[in-house]
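Undergrad: Have a look at the structure that comes next, please.
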Amino acid sequence: MIHAPAGWYNDGADGQRWWDGAQWTEHSRSSDFAPAGWYNDGAGVQRWWNGVEWTDRHPLSKEEERQSRKEERQRARDAKLHAQKVLLDQETDAYGRPVEKAQFGWALVEIFDKGYVRVNGGQCERLLGISYSRTVKDKSAGGRALAGAASAGLSYLASNERLDVYLSIVTERVTHRLKAKGRAAEAPGLALEAAGQAVLQGRASRTGAGAVQSTGTPVVPDIPAQLLKLKELHEVGVLTDDEYQAKKVELLSRM
């Protein structure tokens, strides 16, 4: 016995009935039934047949089609930008605004003013500590160390010396140990360390602000907030690169 799937079939009486897969139902339609689509309406004009009757819809002209596609692409872009803004707002509420962002070796590191860090586009993590160090080795001496770890200062490197720089980032989840080579990595390493230390000190000062004020001792300035404001002034062109760097060094020296 052959079983036919559910669908419209000729009922043998010049019409169609709905077969539900097991038996005929009471649903029927004319055998000249046409599914919804574009058809010639008999007057040489393409119109939309909705499956039951003609509608007022007519095909778009080429210009209208181009405009429609353009508007659809714009709506898609607007929706994407809106989604990105919502995500950014949520991130800012949770982690704060970025005060430093730099490429260190293979990793892109971002420091946020609420005390969080993100490494290479991963999950934001609560920052517990950050430190920068450097090692200079003499190539001609088979890698003999000329200078150990140092947390500050830039020195001239001879052509026969190799510089390795390191950035250790401690979070609640894991310790990121990053390594880069060459003098070009020193500036971003030092900047990330300074920004990280600043937000950590800012967090500590906010946590103990009430106790400090109750004893009458001056409260430590909110350095992270000032660094953030300084960064904004630089980004909008109020401060030049030199002015921005000089002011940043001044703020960090007051920590």
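The values are calculated or read from the model by the stated rules, or taken from the named source; none is laboratory data. Predicted model, so just to flag it, every value in this text is computed and none were measured. Reconstructed Cβ throughout: ideal geometry from the backbone, glycine too, with neighbour counts over all protein chains shown.
Undergrad: State which residue pairs qualify: first residue under 12 Å from residue 196 (Cα atoms) and among the aromatic types (Phe, Trp, Tyr) and inside the range 120-149, second residue part of a strand (DSSP E or B) and modelled with pLDDT under 50 in any location, beta carbons under 9 Å apart, and separation of 6 or more residues or different chains.
TA: Qualifying pairs under 9 Å: none.
Undergrad: Before we move on, is residue 229 in a helix (DSSP H, G or I) and either at pLDDT below 65 or surrounded by fewer than 18 Cβ atoms within 10 Å (Cβ to Cβ) (or both)?
TA: Working: in a helix (DSSP H, G or I): yes; either at pLDDT below 65 or surrounded by fewer than 18 Cβ atoms within 10 Å (Cβ to Cβ) (or both): yes.
Yes: the conditions hold for residue 229.
Undergrad: In the range 176-210, how many are under 20 Å from residue 103 (Cβ atoms) and surrounded by fewer than 17 Cβ atoms within 10 Å (Cβ to Cβ)? Can you show your working first?
TA: Of the range 176-210, the ones under 20 Å from residue 103 (Cβ atoms) are 176-199.
This time we only want the ones that are surrounded by fewer than 17 Cβ atoms within 10 Å (Cβ to Cβ), so: 177, 179, 181-184, 187.
Matching residues across the range 176-210 total 7.
Undergrad: Next up: Listed residues 237, 196, 208, 216; which is modelled with pLDDT of 75 or more and small (Gly, Ala, Ser)? Steps first, please.
TA: On the way: 237 fails: modelled with pLDDT of 75 or more; 208 fails: modelled with pLDDT of 75 or more; 216 fails: modelled with pLDDT of 75 or more.
Just a single option satisfies the conditions, and that option is 196.
Undergrad: Report those strands (runs of 3 or more DSSP E) wholly inside the range 1-60 carrying at least 3 residues which are at pLDDT 75 or above, touching a strand residue (DSSP E or B) at 6+ places or on another chain (Cβ under 9 Å) and not hydroxyl-bearing (Ser, Thr, Tyr). If you could, list the steps in order and put the result at the bottom.
TA: Working: elements: 7-10, 15-19, 24-30, 37-40, 46-49.
Output list reads 15-19, 24-30, 37-40, 46-49.
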